[in-house]
């Protein structure tokens, strides 16, 4: 039996009169579940990703229900798995960057992007390091999270060449590895510096390591004056057009959660178990790092700066990074305005 047909016609009345109260309760539960599912938004997340902090705030404060939807977090084993799930349609939203979105749109897949965070990463060295400028990295071993096409690494190379005429990829020994492993290697002295993602930078700073330059500062050195959010919520444009109330509600809920996290220290005490901070210094560094990455503005200035960043990354990363396009693909940024 099709529950939708049973509920749409006279079949339900027949069931009520002939099957008894237990069966009626089951049918009503099925009806409620179907209705509930229709208002659900499924989001792919990594088990230990910082996005979980924001989602936890949304659920504890009922911000999703307030906006008329039910947020469901779907845990994935890795970043690639989240994007596969999004492309397969088994989730509605995932977290990625607008370079990926632009490439997908150029290939005919209508994904789009809404900002999540401006936090990127930084170049970190030990407290007693002799590295004081980017050019001092010559001849040293630099740990790099994200691989040879990591956007932070490409931007750092661009700034090194602009400042000193150095081809940084040839002037030092790059060591590509997972973020936590790079942190350990830096602590053990096996590498001289690390270019890592912001949560791992926060953990290093909490142990006394020092940030030499942040990736946002690298961008400013390249002429990008606004804080461009690289990381955002990504979803199918056609799905969003068909479910405007859901996606608008989702964005309102995430914005409210960010404001709570920005203004309430007590909220972070509730998040402490999720953060896995081994000590108070790490907890504070993670909290402050997240807050610093909350986008304050997203308009024409930031989007035009994103286009400039795309041009820089295209020159360095080429088609391996951006695909078969020479400019940011139209529609990469979701155009709908949510109050």
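Computed from the coordinates by the stated procedures, all read-outs in this text should not be read as laboratory data. No experiment lies behind these values; they were computed from the predicted model shown. For neighbour counting, all protein chains shown are included, and Cβ atoms are generated from backbone atoms with ideal geometry for every residue, glycine included.
Points to keep in mind about this one:
- The alpha carbon convex hull volume per residue for segment 121-221 rounds to 82 Å³.
- Among 185, 133, 157: highest mean-square fluctuation, GNM of the chain, C-alpha pairs under 10 Å: 133
- Estimated from helices alone, the mean residue ellipticity of the chain at 222 nm is -16500 deg cm²/dmol (sum of -39500 (n - 2.57) over DSSP H runs with n ≥ 4, per residue).
- This structure gives Cα extents along the principal axes in Å, computed directly, and of [x] 66, 49, 32; [y] 83, 46, 32; [z] 93, 59, 34 that value is listed as [y].
- Here the spin labels are modelled as points 7 Å beyond Cα on the Cα-Cβ line, and at residue 304 and residue 177 they lie 4.4 nm apart.
- Peptides 260-266, 140-146 ordered by average Cβ neighbours within 10 Å, highest first: 140-146, 260-266
- GNM flexibility winner over the chain from 235, 161, 310 (Cα, springs under 10 Å): 161
- Beta-bridge orientation, the chain: approximately 55 percent antiparallel, per DSSP, counting only bridges with both partners inside.
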